[in-house]
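Accompanying notes for the structure given below.
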2 protein chains.
Amino acid sequence: MKNGEAASGWGIRQSEALCDTPHLRLDREFVATPSRPAGISWLVVHRRAAVVVAPRTPDGAYLLIRQERVAVRRELWEFPAGQIDGEVNEGTIRETALRELGEETGRECRGELTPLGYFFSSPGFTDECAHLFLATEVVPRAEGCAHDEHESILEVGKFSPRQWSDLIAQGEIVDANTLAVFARLQARGIFS
Amino acid sequence: MKNGEAASGWGIRQSEALCDTPHLRLDREFVATPSRPAGISWLVVHRRAAVVVAPRTPDGAYLLIRQERVAVRRELWEFPAGQIDGEVNEGTIRETALRELGEETGRECRGELTPLGYFFSSPGFTDECAHLFLATEVVPRAEGCAHDEHESILEVGKFSPRQWSDLIAQGEIVDANTLAVFARLQARGIFS
């Protein structure tokens, strides 16, 4: 048991990998918790941390990408996002944000890259965590997009804050990343 | 191929279960998409659909539960939520919302149960979908809470809209369910 775990009451006692792939690992874990020091058995899907970036243009609009999502058999409007390769630290998180912005929208950030905290996509079964950013003064870059061969990004769309908000109200924006960014921007009073 | 799939361009060609458990199933799928009619291989975690309910009290406050989440080794403030047993339809979705409200907060809804649409928690790797509701005129029920033996709900907290918004701004609310509800309430102009 690590010291931090002892102090907090959390500690992993046993772990068995049920399935290990390059994209995720499914473990059966036996974990002590503050309210269950004897431990509880849980299935956990481990995923690399992700980064989501909300690109804002000089005229105050937001850029969303339309992407095919195989797991839900749908094309979704969402913000550029991607997983962090290797170690997760402030540097790699920001690098990933700028890389995904460039590759998925063909734009670059000439203003600020403002952190909006992080969130857990589904803490009932996965440790997946996404770090959120607002990128301002986003403009086209010389090299354009550079899509990953496994991604199917169909288009980049430009939406006023009002249009984006209306898409959320109407249930047209349905991915956690994009809703989480909207929540943080609204709560911080920097939506528009 | 079903007619709907043929019309939309989406269709599953092959599926192999890599791991099957009562809580989730991990499949390697080969799926045709509108932009890739020849198909693409993808790992998909299948989960039952969930329901999330935002309980609002007669004086306009929101109730959040403090819950231990084993997968992220954290106690989180979040809205009551649970998975739908059996068939997913309007009836079972609403039943699940009212059941989770009762079991996890010990309260019942004397007002309206207003649907706020659904969202996907992480469409890059799972089909998990959560249906969102606002429950109004929420008051204590005679039988109190009825916690599931696998859950560790530590307390029920009452927050004004401003307090809840501040927790989001400060990064203290970090689960997708609760952020998604906040986004939909804000976008629809029914936050408070």
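The values are calculated or read from the model by the stated rules, or taken from the named source; none is laboratory data. Being a predicted model, the structure only gives us computed values, none of them experimental. Here Cβ is always computed from backbone atoms with ideal geometry, including for glycine, and neighbour counts include all displayed protein chains.
Checking B:E75, B:E87 one by one, the residue that is of a type in the set (D, E) and either over 30 Å from B:L113 (Cα atoms) or exposed (fewer than 13 other Cβ atoms within 10 Å of the Cβ) (or both) is B:E87 and no other. From the set of residues in the range A:105-138 that are charged (D, E, K, R) and buried (at least 19 other Cβ atoms within 10 Å of the Cβ), which is farthest from the chain's Cα centre (by Cα)? The qualifying residue farthest from the chain's Cα centre (by Cα) is A:R107.
Identify, by number, the condition in (1) within 12 Å of another protein chain (Cβ to nearest Cβ); (2) assigned to a loop (DSSP other than H, G, I, E, B) that A:G60 doesn't meet. Here A:G60 clears every test but (1). Looking only at residues of the range B:69-83 that are in contact (Cβ under 8 Å) with a residue 40 or more places away in the chain and of a type in the set (A, V, I, L, M), we find that the one that is nearest to the other protein chains (Cβ to nearest Cβ) is B:L76. Here B:H147 fits the description: in contact with an Asp or Glu (Cβ under 8 Å, 6 or more places away or on another chain) and at pLDDT below 95.
If a residue has to be in contact with a Gly (Cβ under 6 Å, 6 or more places away or on another chain) and within 9 Å of another protein chain (Cβ to nearest Cβ) to count, how many in the range B:5-30 make the cut? Let's see the steps before the verdict.
Taking the range B:5-30 as the starting set, the residues that turn out to be in contact with a Gly (Cβ under 6 Å, 6 or more places away or on another chain) are B:5, B:13, B:30.
Of the ones still in play, those that are also within 9 Å of another protein chain (Cβ to nearest Cβ) are B:5.
Going through the range B:5-30 one residue at a time, the tally reaches 1.
Is it true that some residue in the range A:139-156 is in contact with a Pro (Cβ under 8 Å, 6 or more places away or on another chain), facing chain B (nearest Cβ under 10 Å) and buried (at least 16 other Cβ atoms within 10 Å of the Cβ)? The answer is no; no qualifying residue exists.
Yes/no matrix, rows are residues, columns are (1) out of contact with any Leu (no Cβ under 8 Å at 6 or more places or on another chain); (2) over 24 Å from A:G171 (Cα atoms):
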residue: A:P55; (1), (2): no, no
residue: A:R99; (1), (2): yes, yes
residue: A:E112; (1), (2): no, yes
residue: A:S121; (1), (2): yes, no
residue: A:F133; (1), (2): no, no
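Just name the residue that is farthest from B:E128 (Cα to Cα) out of those in the range A:36-45 that are free of Cβ contacts under 8 Å to residues at least 24 places away in the same chain and at the interface with chain B (Cβ under 7 Å from one of its Cβ atoms).
Here is the first cut: in the range A:36-45, the ones free of Cβ contacts under 8 Å to residues at least 24 places away in the same chain are A:36, A:38, A:40-42.
From the residues that got through so far, the ones that are at the interface with chain B (Cβ under 7 Å from one of its Cβ atoms) too are A:36, A:40, A:42.
Numbers: A:R36: 27, A:I40: 23, A:W42: 18 Å.
Looking at the filtered set, the residue picked out is A:R36.
Residues that are more than 26 Å from A:A180 (Cβ to Cβ) and among the small types (G, A, S) were ranked within the range A:12-65; the one that is surrounded by the most Cβ atoms within 10 Å (Cβ to Cβ) is A:A32. The residues in the range B:171-192 that are out of contact with any Leu (no Cβ under 7 Å at 6 or more places or on another chain) and within 7 Å of chain A (Cβ to nearest Cβ) can be counted, and the count is 6.
Could you name every one of the helices (runs of 4 or more DSSP H) located completely within the range A:87-192 that has at least 1 residues being over 20 Å from A:R66 (Cβ atoms)? Ranges flagged: A:90-105, A:176-188.
Residues in the range A:90-104 that are crowded, with 17+ Cβ neighbours inside 10 Å, small (G, A, S) and farther than 11 Å from A:P55 by Cα: none.
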